[in-house]
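Working notes for the structure below.
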Amino acid sequence: MPQSYCRLFLATPECFDVNGLQTVLEAAISAGDIACLLIRHEDDDKLRQAAKILTPIAQRAGIAVLIDQDDDLALTCGADGVQVDGGMQNYLDAREKIGADSIVGVFCGSDRHKAMSMGEAGADYVAFTNVPLEGEKETIAHWWARVFEVPCVLIEPLELDEARGAAAKRIDFIRPPDAMWANEISAQETVQRFNAMIRDTKIEID
């Protein structure tokens with residue numbers, strides 16, 4: 001069975017001290033492979049401050065930086081793209097604003113139809129919650145990864161055993177638990193453990 005190609009998708013807490021998180025992020029970066037960083041904050045001013053400080057740090061390490069719900073900020077801080085909530089108009093507005101060469105990801109929750117519409121419209125990835133499809137045991141992310149080529153993100157934070165199952169099911173990007181942001185040691189250990197798990201996980205063949 002082929003080895004999983006899953007990678008880590010980090011999302012900042014929704015409330016944090018920028019200087020403290022900068023140190024933790026640098027520790028996470030030093031510990032191993034990270035594909036993406038989604039910068040969020042419940043306070044708009046602090047979101048702008050975080051984007052200005054964290055974006056170049058992550059990009060120097062080859063990490064794609066996405067801003068949550070703010071395409072204007074994504075442009076001004078030089079981020080690689082934006083993540084918007086599901087909705088065709090939200091996607092089209094973001095795509096027009098930041099251009100074809102930037103990343104626009106769309107959070108689709110557990111909505112199968114919305115995800116397919118976003119994929120057809122050109123979304124660079126779709127993000128899902130970790131819930132089963134109605135009347136089924138399989139989660140929407142597992143179904144999507146098995147059927148479609150557009151990358152998917154399992155946006156809910158996952159513990160290691162859950163993440164192992166997602167990696168085996170061909171999920172493209174997984175998000176580690178938010179506890180990783182507690183301190184530098186936690187960040188390093190989480191990134192190391194998750195990358196080791198990904199290296200050791202084999203894709204399940206249907």
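The one condition from (1) within 18 Å of the chain's Cα centre (by Cα); (2) surrounded by 15 or more Cβ atoms within 10 Å (Cβ to Cβ); (3) not basic (Lys, Arg) that Val18 does not meet is (1). With respect to the conditions (1) exposed (fewer than 15 other Cβ atoms within 10 Å of the Cβ); (2) under 15 Å from Gly87 (Cβ atoms), Glu138 lacks only one, and its number is (2).
When residues in the stretch 43-91 are screened for being among the hydroxyl-bearing types (Ser, Thr, Tyr) and more than 18 Å from the chain's Cα centre (by Cα), 1 of them pass. Residue count for the stretch 70-88 under the criterion of being assigned to a loop (DSSP other than H, G, I, E, B) and in contact with a Phe, Trp or Tyr (Cβ under 9 Å, 6 or more places away or on another chain): the result is 1. Taking the stretch 124-135 as the range and being without any contact (Cβ under 8 Å) to a residue 40 or more places away in the chain and surrounded by fewer than 24 Cβ atoms within 10 Å (Cβ to Cβ) as the test, the residues that pass are Thr129, Asn130, Val131, Pro132, Leu133, Glu134, Gly135.
Taken over the stretch 112-149, residues that are part of a loop (DSSP other than H, G, I, E, B) and either among the aromatic types (Phe, Trp, Tyr) or within 19 Å of Glu204 (Cβ to Cβ) (or both) amount to 7. Filtering the stretch 48-63 to residues that are in contact (Cβ under 8 Å) with a residue 24 or more places away in the chain, farther than 15 Å from Thr23 by Cβ and touching a strand residue (DSSP E or B) at 6+ places or on another chain (Cβ under 7 Å) leaves Ala51, Thr55, Ile63.
If only residues of the stretch 1-60 that are assigned to a loop (DSSP other than H, G, I, E, B) and of a type in the set (S, T, N, Q) are counted, the one that is modelled with the lowest pLDDT is Ser4. Within the stretch 150-165, the set of residues being part of a helix (DSSP H, G or I) and either touching a helix residue (DSSP H, G or I) at 6+ places or on another chain (Cβ under 7 Å) or more than 22 Å from Val131 (Cβ to Cβ) (or both) comprises Leu160, Ala163, Arg164. For the residues Ser117, Ser102, Ser186, Ser110, the requirement of being closer than 22 Å to Asp80 by Cβ, polar (S, T, N, Q) and surrounded by 15 or more Cβ atoms within 10 Å (Cβ to Cβ) singles out Ser102.
Number of residues in the stretch 173-194 that are over 17 Å from Asp17 (Cα atoms) and either under 15 Å from the mean Cα position of the chain (by Cα) or assigned to a loop (DSSP other than H, G, I, E, B) (or both) equals 7. Go through the stretch 105-137 and report how many residues are more than 26 Å from Ala79 (Cβ to Cβ) and at pLDDT below 95. Residues that pass the stated criteria total 10. On inspection, Val191 does not qualify as free of Cβ contacts under 8 Å to residues at least 40 places away in the same chain, among the hydrophobic types (A, V, I, L, M, F, W, C) and on the phi < 0 side of the Ramachandran plot. Here Ala100 meets the list (1) touching a strand residue (DSSP E or B) at 6+ places or on another chain (Cβ under 8 Å); (2) assigned to a loop (DSSP other than H, G, I, E, B) almost entirely, failing just condition (1).
The values are calculated or read from the model by the stated rules, or taken from the named source; none is laboratory data. Owing to the predicted nature of the structure, the values given are computational and were not obtained by experimental measurement. Don't worry about glycine lacking a Cβ; one is built from the backbone with ideal geometry, like all the others, and counts go over all protein chains shown.
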